[in-house]
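Derivation of every value follows stated rules applied to the coordinates shown; laboratory data play no part. Predicted, not measured: the structure shown is a model, and the values here were computed from it. With ideal geometry, Cβ positions are generated from the backbone for all residues, glycine too; neighbour counts draw on all protein chains shown.
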């Protein structure tokens with residue numbers, strides 16, 4: 001068996017290029033995700049070469065890619081759907097914590 | 001393994017056009033999306049329709065699948081099981097156009113994997129037979145389910161993947177490989193572990209792609225995970241709830257800790273054990289949800305004690321109902 005380098009992407013975050021490759025997209029597509037606020041970067045004033053992305057960003061980028069591909073959603077619509085989905089899951093967690101759901 | 005009828009999964013005819021497939025998929029995806037569906041088997045259904053759409057909306061995969069379905073229909077199968085016949089996919093290429101997005105097939109079925117390869121599939125007959133070019137290999141995705149204990153303490157786990165590779169005669173075949181994966185301590189559900197160079201091989205001497213493993217944590221008998229926090233139901237007696245008590249509880253990291261149940265504790269009250277949840281830069285907390293458990297009145301002494309309590313502390317819990 002070969003030894004493999006494993007890294008948690010939250011301790012070694014992805015660049016724009018790496019995130020784009022991970023979702024099968026172009027760099028430009030990742031920049032659009034930041035523009036429509038599907039992804040949030042720590043320092044939006046810095047050039048994109050200095051941006052970094054973690055697991056939650058990869059999750060959202062993959063979800064946006066699926067909405068775009070499977071439903072023909074544009075990225076503004078995908079942003080709204082993802083925000084609603086996040087809120088839904090947060091509320092469900094609150095209900096779950098109180099044994100309501 | 002059962003043969004999967006992708007056309008009936010989407011409820012479309014064999015000669016359905018791209019538009020019909022898209023419409024059928026969207027309708028079913030809204031019905032079975034796990035975030036909105038009330039159906040009991042929504043997750044399985046969603047997986048099936050995702051898989052069916054992945055194959056039927058890709059010309060190459062659909063042609064290969066149709067040919068395979070014809071062969072199965074002609075030959076049948078004695079035990080109702082299914083194994084792809086050798087060499088069934090000669091002459092077909094499976095590659096991903098830019099519009100098809102990530103190869104996120106982590107959840108697809110064994111049937112899908114057996115004909116189109118799994119997370120680390122080798123891209124079918126594509127690369128090697130076309131004009132040489134230089135490009136880094138594609139990244140791939142798969143999921144790994146670990147126990148809460150593995151997430152807390154870290155672990156080394158072996159995962160098995162199937163890859164479709166091309167042999168010397170140019171024929172595709174499945175290759176199984178096993179990878180040793182190091183799970184870092186404190187990993188949380190939804191995080192990704194990156195395995196450098198374990199995606200598709202590169203072309204023209206370029207590096208191989210990477211494999212991303214999404215971490216899932218199996219349900220635990222005691223703890224429920226919410227983000228960084230853990231929740232556990234802590235049963236207490238009515239006496240402990242009324243008078244307050246010190247009770248011993250197990251902690252996720254192993255070991256035990258003494259917890260003070262406050263006097264007059266109510267059912268559903270939450271006690272927080274600071275930073276006893278999932279470890280990390282911002283450690284999560286462990287929440288104990290109090291649940292008052294009644295001692296059974298199954299002996300004369302216990303019944304007498306209940307009656308005595310009713311006399312000593314008259315109490316009408318239905319007062320607010322006006323009863």
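Here are some notes:
- Peptides B:249-260, B:272-283 ranked from most to least packed by the mean count of surrounding Cβ atoms within 10 Å: B:272-283, B:249-260.
- Equivalent ellipsoid of region A:16-97: semi-axes from √(5λ) of the C-alpha gyration tensor, largest first, are 23, 16, 11 Å.
- Of all beta bridges that DSSP places with both ends in region B:223-321, some 65 percent have antiparallel geometry.
- MRE, 222 nm, helices only [DSSP H, n ≥ 4, -39500 (n - 2.57), over chain A, to nearest 500]: -18000 deg cm²/dmol
- Relative contact order for region B:223-321, counting Cα pairs under 8 Å that sit 6 or more residues apart, in percent: 29
- Relative contact order (%) - criterion: Cα under 8 Å, at least six apart; region: chain A: 25
- Extension gain (nm, one decimal) between residue B:15 and residue B:33, 0.36 nm per residue minus Cα-Cα: 3.9 nm
- Two-decimal Rg/Rh across region B:165-323, once Rg and the Kirkwood Rh are taken from alpha-carbon atoms: 1.28
- Shape category assigned to region B:184-227 from the gyration tensor of Cα positions, a/c cut at 1.5: prolate
- Residues residue B:74 and residue B:253, FRET efficiency given R0 of 51 Å [Cβ-Cβ distance, rounded to 0.05]: 0.30
- Centre-to-centre separation between the Cα atoms of region B:284-320 and those of region A:35-49: 56 Å.
- Euclidean distance between Cα centres, region B:233-271 to region B:186-205, Å: 43
- Remark: mean inter-chain Cβ contacts per residue of B:185-191 equal 3, using a 10 Å Cβ-Cβ cutoff to other protein chain atoms.
- For residues of B:194-200, the mean tally of beta carbons on other chains within 10 Å: 4
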